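Each value in this text was obtained by applying a stated rule to the coordinates, not by laboratory testing. Every value quoted in this text rests on a predicted model; they were computed, and no experiment measured them. Counting neighbours? That spans all protein chains shown, and the Cβs are built from the backbone with ideal geometry, glycine included.
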Amino acid sequence: MDTPAEPATHDLPEDGTLCPGDALNAPALRQLLRAALPDSSRHKAAGWFDQTDFLFTRSHVDEDQDAYLDGLFITVWKQWDFWLALPHDGPAPTHPSLLRQAWSRLRHSTAPPVTDGLVHQYRRYAATGQPGPWRPIQAADAPHEALQAFSQAWHGVVGYWRRAEGQRRAGRPLRARLHAALTPERVQALTLLPVFTGRYNDWWDPERNGWWEGDVWIGARQPGQQGGRHWGRALKLSWRNGCEAPGDEEDDAHACYQIDLVEDDAPHEGTAHPPGLRLSYAQRQSDARHSLPGDAVDHMARLLRLFTTLEQRLYAEHAREQQALQAAPPADLPAPALPHAPPFAPDLPDAEVFGAQIMALSHDWQRAGRAHAALVRERWALQAEQDSGGAALPLADPRGGQAGAVLQLARAVHAWGDADLSARFHRRFAFASGALAHHAAHGGRAVGPVLWQADGSLLAHVAPMHAAQAGAWWAVSADGLRIAPAPRAGQVSVMDMELPAAAATASAHGLTVRGDADGDLLGLAEDGRTLWRHHIGGAIHSIAMAPDGHTLAVGSAGGYLVLLHKGSGMDPYLPSTSRYAEARRFIFWGEEPAPLAW
């Protein structure tokens, strides 16, 4: 993904008409107040950068009967507090919540002195993290470090609002870039990467809710519900923001941005939020997150930079993982042994047929398969919403580590040749084309064409392993349970003629089924709309629909001959949105003399 470099804070244009010369006087404070609180609809405006936070207030009395002046309160975390205000004959200012402790002494002190048209005071924090008494900063005995700390904090606040005003005057181009990059579809796609759905998928477990990617912590919350509690999808980015001060909890000095996907179109506070998203931030880990203000352009720039950089990095890492999975075959681990040999009584439960070890393997396999199928369907739905066309980003099948053992078990079951045992295995272990993709890619013999016969049986041509050899025809019984080399008697007209062309499209009863090179079947309506999608594995070579429209035969380049029967609903274990369930899969891999029936 080629993404232009996102702006750093120092690259953002500033409005130099705001507080020219960095003057500190009553006119400068009035300018900042007009920038932060341009109309009477708001009486307070808060923000922060690094370990400094600030609060602008307009003269008013709030609902708690606390009075405020036209002023600015600045805090450098547990080091300094500074208070600037325009003189007022009314009551001293108070604050009802976050800064109550910080302003309590101001509220009960005598009227502070006015210098250069401003009330200007400071206080220093002790080594214990407790604030000291308020003092006038213009006093002759004001320490140099207090003056220096205030000058730095004042310049930071002025720069913050100069950049905000620069964006406002320019038509807010940074906000437009942020909204273009942070779309619900793009955020959702990132949170669907396997690293979030598999490895770090528990928002409430500190060991599995995220990880450090360089100097940025990243985590994603998947949507869910427990009882009456519902939570939506979110992406969180955090970084170390200074150091802990005396009295702070360990690791408290971490700031964060959180991007929540919202399910309604209700407007959110401020104008920074892209449609369908809510952006919030916190200066410290112990702070409650607040909605990102529309003038917080420093934070918009950082959020845009973090998101686009991490997005590229995570997609690149995902691509490397996919390549590694495709390059390495699953280890042929020994399969758990069947505790008893067939035949079995029809009413014997699967737990007694397979034993505890195989049943545990089945439970893990099916659970992972169900989750993977749901994830694939979610990714398909997202792709359809984006109308992007082409194949969705491949998702690693989490059953790769078990695939070798399950494949060996499939071979052992097949060797018994017992129809009841095969049916039980088919029910307990859904085929995982993604987990076995290496075998299909390196040993698959292309299947196609496939041809339905008048008696309901099926003929399928299978390509040779080597070009110098001839292909072979195989016949599948009408019940789909047995496959054998096609007898020449009665089939001469098909097999002795020139090989018919394989067709990756079939139609019946107003439905067209089309296969693609990514191994997907697409069910298309008469007007061309995609009704459903069903993943087979391997480029689709041939499709044949039974005359009744309820059965599909599909041949693919991965060595698969798959029989699909239409059912009453989606199979939860298949990466599919169709009503077709997999009745049988015959696998032609390598030099095996006969196909493996799954």
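Below is a table of values for the structure above.
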item: The chain - mean residue ellipticity at 222 nm from DSSP helices (-39,500 (n - 2.57) per run, n ≥ 4, rounded to 500); result: -9500 deg cm²/dmol
item: Sequence of Trp77, Trp589 once ranked by neighbouring C-beta atoms within 10 Å, starting from the fewest; result: Trp589, Trp77
item: Mean separation of Cα contacts under 8 Å (6+ apart) over length of the chain, as relative contact order %; result: 8 percent
item: Highest to lowest packing among 466-475, 504-513, 183-192, scored as the average C-beta count within 10 Å; result: 183-192, 504-513, 466-475
item: Label selected from (1) 23; (2) 42; (3) 37, the criterion being percent of Cα pairs over 43 Å apart as computed here; result: (2)
item: Under the span-like rule (Cα at least 30 Å along the axis, Kyte-Doolittle mean at least -1.0), DSSP H helices of the chain; result: 144-169, 297-327, 350-386
item: Cα-based reach from Lys44 at 25 Å (exclusive), listing lysines while leaving out same-chain residues under 8 positions away; result: Lys78
item: Peptides ranked, highest mean first, by Cβ atoms within 10 Å: ranges 224-237, 556-569, 302-315; result: 556-569, 302-315, 224-237
item: Protection-proxy order for peptides 478-485, 294-301, 580-587, 437-444, each taking the mean of Cβ atoms within 10 Å per residue, highest first; result: 294-301, 580-587, 437-444, 478-485
